[in-house]
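S.K.: What follows is a structure written as structure tokens; I'll ask about it next.
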Amino acid sequence: MIADLGPYPAYRDSGVAWLGKVPENWEIKRGKNLLCCIDVRSATGTEELLTVSSKRGVVPRRSATVTMFKAESYVGHKLCWPGDLVINSLWAWARGLGVSQIHGIISTAYGVYRARPGAELAPEFIHRLVRSTPFHWELQVRSKGVWTSRLQLTDESFLGAPFPVPPLPEQAAIVRFLDYVDRRIRRYIRAKQKLIELLEEQKQAIIHRAVTRGLDPDVRLEPSGVEWLGEVPEHWEVWQIGHFARVGNGSTPSRGNTAYWSGGSYPWLNSSYANQETIREADQFVTELALRECHLPIVPAGSVLVAITGQGKTRGKAALLQFEATINQHVAFITIRNAVCSAEYLRLALAGLYSQLRAMSDDSGSTKGALTCADLRHFRVALPPNAEQAELLAAVDHQTRNCATAIEHTQQEIDLLREYRTRLIADVVTGKLDVREAASGLPEEVEEPVERDGQSAARRAIAAADRLWDERGLTNEDMDAWLHE
């Protein structure tokens, strides 16, 4: 299907740099001729509270991770309705916009736009267009301000943007085609993500057994006195981390103070780096002034970093730092002071006990979950002799290598598929590919009902795909054939 797509029969120059040539039957119109601003306020403040996600568009706030505090009352806040385009004026440059599918309350700082009477404009097409890569350039250049984090898109600036407008039947065909392809790509990505989860579980099980039982299946065990460790080899020792290492965390210098960031050369790390296992480089840097005035810790190379906050998988992850750096408040450092343990082995031990770190943070009473430096100081690990630590590291590396390679390859396939989807959307909404014939031959697709066992046919298909991957080793060519059906 996708392989057979081609350009339109004839094109003309759009006069817009990022659009280039467009199909000759398309129009180019300014936003002000298509859309008008809507400003209706809530009288009760009881409507569904919404937010704008750069990844998902307009969604219920309860379904998104939002760090901003809720207001005491939403009386007087803006309202939007299904089909309205909602834009976070301060984050339009980062795709903070989308067409809403539900009625609800939004921030008074958001812009709401609705198709003008008589404008032949499908809301679903506008949603695809304004969130596409080509239109992203328009949003960036029209958002003005001194700081990147404070760029604002005004109503006047947005409504001055050019919009490619196909005839209404073509808009419907474009939406139908992209919805169909998007559903299939999402199913494939879910299957791949499930495969990664299974591989991660297998890898985690190998590490956990290694750091709690060792390599010798016949070794004599004894109670560790620690619930999550259970029985450990009798010649191992159980230590609190604080008895052989220094533990602390950092902070975030004010982004509003350019003296802390501009021209900075000292690496500054946030919690996302804990997902890397080994940290070899940084992409943010602070100045010497920030180090002094913000009391940032100097974390030496060879320390272990642990993410201590967050609702995703990052919290509890541990990584080995390969260079001197400083960190923010969402990361703890562990710097070993006693040769009873190597940094490499401590990182492995914490990786094997990831589930226990997560459980500990969930028991802290915080709705978001968090670890503290005190939690890490008191956390107990079982330590074999140094020579055996080195043997365990080598053995685990060998045993998990296949899992790690499969995870890497699968993630690369997911990334490539997402890039492909992004490019396909861009080419379709700007008229580089003609999807009218393809859209007319698409089958109707409906949401699959959930059956008594709680699984839909789609979920069973994903499970089947996982089994096929294990048994046959599916390739990118298989993916291409599936997409081109």
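Values in this text are rule-based calculations from the coordinates and carry no lab data. Predicted, not measured: the structure shown is a model, and the values here were computed from it. Glycine also receives a Cβ, built like all others from the backbone with ideal geometry; neighbour counts cover every protein chain displayed.
S.K.: If each DSSP helix of 4+ residues adds -39,500 (n - 2.57) and the sum is divided by the residues in the chain, what number results at 222 nm, nearest 500 deg cm²/dmol?
M.R.: Per the formula, -12000 deg cm²/dmol.
S.K.: Another question, if that's okay. Could you pull out every one of the lysines with an alpha carbon less than 30 Å from that of residue 29, ignoring same-chain neighbours closer than 8 positions?
M.R.: The reachable lysines, counting only those whose Cα sits under 30 Å from residue 29, are 21, 55, 78, 144, 432.
S.K.: Over the range 27-165, what is the mean sequence separation of C-alpha contacts under 8 Å (at least six apart), divided by residue count, expressed as relative contact order in percent?
M.R.: 32
S.K.: Taking the 0 to 90 degree range and rounding to the nearest ten, how far is the long axis of helix 386-429 tilted relative to the main principal axis of the chain, both from C-alpha atoms?
M.R.: 0
S.K.: Further question: Along the positive direction of the dipole of the chain (beta-carbon charges: Lys, Arg +1; Asp, Glu -1; about the Cα centre), which of 360, 206, 267 reaches farthest?
M.R.: Result: 267.
S.K.: Next question. Residue 248's amide H: which non-local residues (gap 5+, or another chain) put their own amide H closer than 5 Å, with H modeled 1.01 Å from N in plane and none for Pro or chain starts?
M.R.: Residues meeting the criterion, in which the H sits 1.01 Å from N, are 333.
S.K.: Where in the range 143-229 are there trypsin sites (Lys or Arg not before Pro) that are in a DSSP coil and have at most 13 other Cβ atoms within 10 angstrom of their Cβ?
M.R.: Sites meeting the loop and neighbour criteria: 220.
S.K.: Projected onto the charge dipole of the range 27-165 (+1 at Lys/Arg Cβ, -1 at Asp/Glu Cβ, origin at the Cα centre), which of 80, 38, 132 gives the Cα projection farthest towards the positive end?
M.R.: 132
S.K.: In addition: Which cross-chain or sequence-distant (5 or more) residues have an amide H under 5 Å from the amide H of residue 237, H modelled 1.01 Å from N in plane?
M.R.: The list, which skips near neighbours in sequence, is 383.
S.K.: Something else now. How long is the gain from residue 152 to residue 323 if the chain were fully straight, where each residue apart is worth 0.36 nm and the alpha carbon distance is subtracted?
M.R.: Between residue 152 and residue 323, full extension yields 57.8 nm more.
S.K.: Starting from 0.36 nm per residue, how many nanometres of slack lie between residue 254 and residue 292 once their C-alpha separation is accounted for?
M.R.: Working: separation 38, 0.36 × 38 = 13.68 nm, distance 1.32 nm.
Computed gain between residue 254 and residue 292 is 12.4 nm.
S.K.: How about the range 235-339: which GluC sites (Glu not before Pro) there are in a DSSP loop, with at most 12 other Cβ atoms within 10 Å of their Cβ?
M.R.: 281
S.K.: Working from Cα positions, state the angle (0 to 90°, nearest 10) between the long axis of helix 343-352 and the longest principal axis of the chain.
M.R.: 70
S.K.: Using only Cα atoms and rounding to the nearest 10 degrees, what angle (0 to 90) does helix 457-472 make with the longest principal axis of the chain?
M.R.: Around 50 degrees separate the two axes.
S.K.: With viscosity set to 1.002 mPa s and temperature to 20 °C, compute the Stokes-Einstein D of the range 27-165, Rh being the Kirkwood radius across alpha carbon pairs; µm²/s, no decimals.
M.R.: Answer from the Stokes-Einstein relation: 141 µm²/s.
S.K.: Now for a separate question. So how much slack lies between residue 398 and residue 187, counting 0.36 nm per residue of separation and subtracting their Cα-Cα distance, in nm?
M.R.: Values: separation 211, 0.36 × 211 = 75.96 nm, distance 3.24 nm.
Once the chain is fully extended between residue 398 and residue 187, it gains 72.7 nm.
S.K.: Still on this structure, please answer the following. Counting DSSP beta bridges in the chain, what percent are antiparallel, to the nearest 5?
M.R.: Of the beta bridges lying entirely in the chain, close to 90 percent run antiparallel.
S.K.: Cα atoms only, the chain: Rg and Dmax in Å?
M.R.: My reading of the Cα-based Rg and Dmax gives 26.9, 82 Å.
S.K.: Would you mind putting 125-138, 103-116 in packing order, based on average other-beta-carbon counts within 10 Å, highest first?
M.R.: Per-residue mean Cβ counts within 10 Å order the peptides as 125-138, 103-116.
S.K.: Another question, then. Could you give the size of the charge dipole of the range 235-382 about its Cα centre, using +1 on the Cβ of each K and R and -1 on the Cβ of each D and E, expressed in debye and rounded to the nearest 20?
M.R.: So the dipole magnitude of the range 235-382 works out to roughly 220 debye.
S.K.: Quick check for me: using +1 on Lys/Arg Cβ and -1 on Asp/Glu Cβ, what's the dipole size of the chain about its Cα centre, in debye to the nearest 20? Display every interim value, and only then the final one.
M.R.: Values: 56 positive and 60 negative charges, 328 e Å.
In debye, rounded to 20, the chain gives about 1580.
S.K.: Any idea what the dipole of the range 1-138 comes to, in debye rounded to 20, about its Cα centre with Lys/Arg Cβ at +1 and Asp/Glu Cβ at -1? Before the final figure, lay out each step's value.
M.R.: Values: 17 positive and 12 negative charges, 62 e Å.
Using Cβ point charges on Lys, Arg, Asp and Glu, the range 1-138 gives about 300 debye.
S.K.: Please list, by residue number, everything in the range 297-322 whose backbone N is under 18 Å from a paramagnetic label point 7 Å out along Cα→Cβ of residue 362.
M.R.: 307-318
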